[in-house]
Amino acid sequence: MKLQEITIRQLKMKMKAPFTTSFGTFYDKEFLLLEVTDEQGNKGWGESVAFDAPWYNEETYKTNWIVLEDFLIPLVKDQDINHPDEINELFAPIRKNNMAKSTLEGAVWDLYAKRTNQTLASALGGDKKQIEVGISIGIQNSVDELLALIDEYVNEGYKRIKVKIKPGWDVDVIRAIRERFPDVPLMADANSAYRLEDVDLLKQLDEFNLTMIEQPLASDDIIDHATLQKQLKTPICLDESIHSLEDARKAIELGSCGIINIKIGRVGGLTESKKIHDYCQSKGIPVWCGGMLESGIGRAHNVALTTLSNFIMPGDTAGSERYWEKDIIDPEVTVENGYITVPSKTGIGYEPNMDLIETFTVKKKVYKLTNNEVVR
Ligand code: OSB
Ligand code: MG
């Protein structure tokens, strides 16, 4: 396939409720969508999961736009692409900027699945008909508010509850949750809020039967996590620290974690996600699919990836209505009894709602790849 045209849109969508992590609060979601068109008029869609500020990693949606325009789009121009795995190789000379890479790579995967008349899930090699999902709940103003939210989501059927923790909002909060919900599958995500010196505090979490503790230590660390894991009964799950198959291999060899959270954007795309999935499977390390408060486009990619067989723990891919008054895909992603039914239409399987996309678009640029130069 030869890519003819790429459209990048910057969108701003209001979140139904603010989402607070140890590193900050999200009120609105600003992000990029990328639409690619081939020589037959087929279209593929990708989403940049980079945030508006470099809190979670070093990227922002604005740096993604620059990297796409200056480096990544020129690398795909005039290429005859047989399979989306080739994108990973074409982008290899560009260091990091994984979320920028994933935006375009994801769109090419959707396009490829549509051209070959299959779902994105089956193009990736997944065959689950439904996926099991959990929900991630941000830091709240009070423990009572958090307990009320957990109650609501448990009743909706979510298969696992994840809560965010940070110093001052940790052991007592988890204890209160356990008193009220003794059996609910529960985990805690620290988003790098602790240091190895906090080991005694983190060890207190061992008594609450958490399925895992996610990214307790620094976002670039795998050494201290290995030291910490030896002292904890609860498995550590790495999120921020894993950017590639190589990172996953090193973390597993060092014993830095027992579980890995795969986020497509963080690792540079679906091809790398699949490689990490396959490697973890060969090592007996379970994986699950993380979330970045995505719109329906990114959410659809997460659903497809989660159909791979080693995604054996519920992910953070909650239903559209948990984030948005109205999501930008038709139908929206819906959760019933803790399951999302994998769509059967080709590609990502959900239709982009162009009216809503236009409504939320604040900036847009079309790149024609057919001329001698990339037109800006
Ligand atoms: O660490 O998984 C994380 C949200 C923003 C930034 C980082 C994270 C999260 C979440 C929410 O946990 C996942 C979601 O519901 O999309
Ligand atoms: Mg996380």
### Query
Got at least one residue in region 20-28 being closer than 30 Å to Asp170 by Cα, away from ligand 1 (no atom under 14 Å from the Cβ) and surrounded by fewer than 22 Cβ atoms within 10 Å (Cβ to Cβ)?
no
### Query
Only one of these conditions is not met by Ala50: (1) at positive phi; (2) touching an Asp or Glu at 6+ places or on another chain (Cβ under 7 Å). Which number is it?
(1)
### Task
Report, ordered by the first and then the second residue, all pairs with beta carbons closer than 8 Å, sequence separation of six or more or different chains, a first member in region 283-306 that is without any contact (Cβ under 8 Å) to a residue 60 or more places away in the chain and of a type in the set (Ser, Thr, Tyr), and a second member that is more than 9 Å from ligand 1 (Cβ to nearest atom) and part of a helix (DSSP H, G or I).
none
### Message
Name the single residue that is nearest to Gly134 (Cα to Cα) among those in region 185-212 being more than 16 Å from ligand 1 (Cβ to nearest atom) and part of a loop (DSSP other than H, G, I, E, B).
### Response
Asn209
### Query
Checking Asn261 against (1) open to solvent by 10 Å² or more (accessible area, probe 1.4 Å); (2) touching a Leu at 6+ places or on another chain (Cβ under 9 Å); (3) polar (S, T, N, Q), which test does it fail?
(1)
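Out of the residues in region 53-68 that are outside any loop (DSSP other than H, G, I, E, B) and of a type outside the set (Val, Ile, Thr), which is surrounded by the fewest Cβ atoms within 10 Å (Cβ to Cβ)?
Applying the filter and picking the extreme gives Lys62.
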### Task
For region 319-339, enumerate the residues that are closer than 18 Å to Gly106 by Cβ and either away from ligand 1 (no atom under 16 Å from the Cβ) or part of a strand (DSSP E or B) (or both).
Ile329
### Query
Name the pairs whose Cβ atoms lie under 6 Å apart, with the first residue in region 79-97 and under 29 Å from Pro54 (Cβ atoms), the second assigned to a loop (DSSP other than H, G, I, E, B) and open to solvent by 40 Å² or more (accessible area, probe 1.4 Å), and 6 or more positions between them or separate chains?
none
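The values are calculated or read from the model by the stated rules, or taken from the named source; none is laboratory data. The shown structure was predicted, so the numbers you read here are calculated from the model rather than taken from an experiment. All Cβ positions, even for glycine, are placed from backbone atoms using ideal geometry, and neighbour counts span all protein chains on display. Side chains included, ligands, DNA and RNA excluded: accessible areas come from the protein's heavy atoms. Shrake-Rupley method; radii C 1.70, N 1.55, O 1.52, S 1.80 Å.
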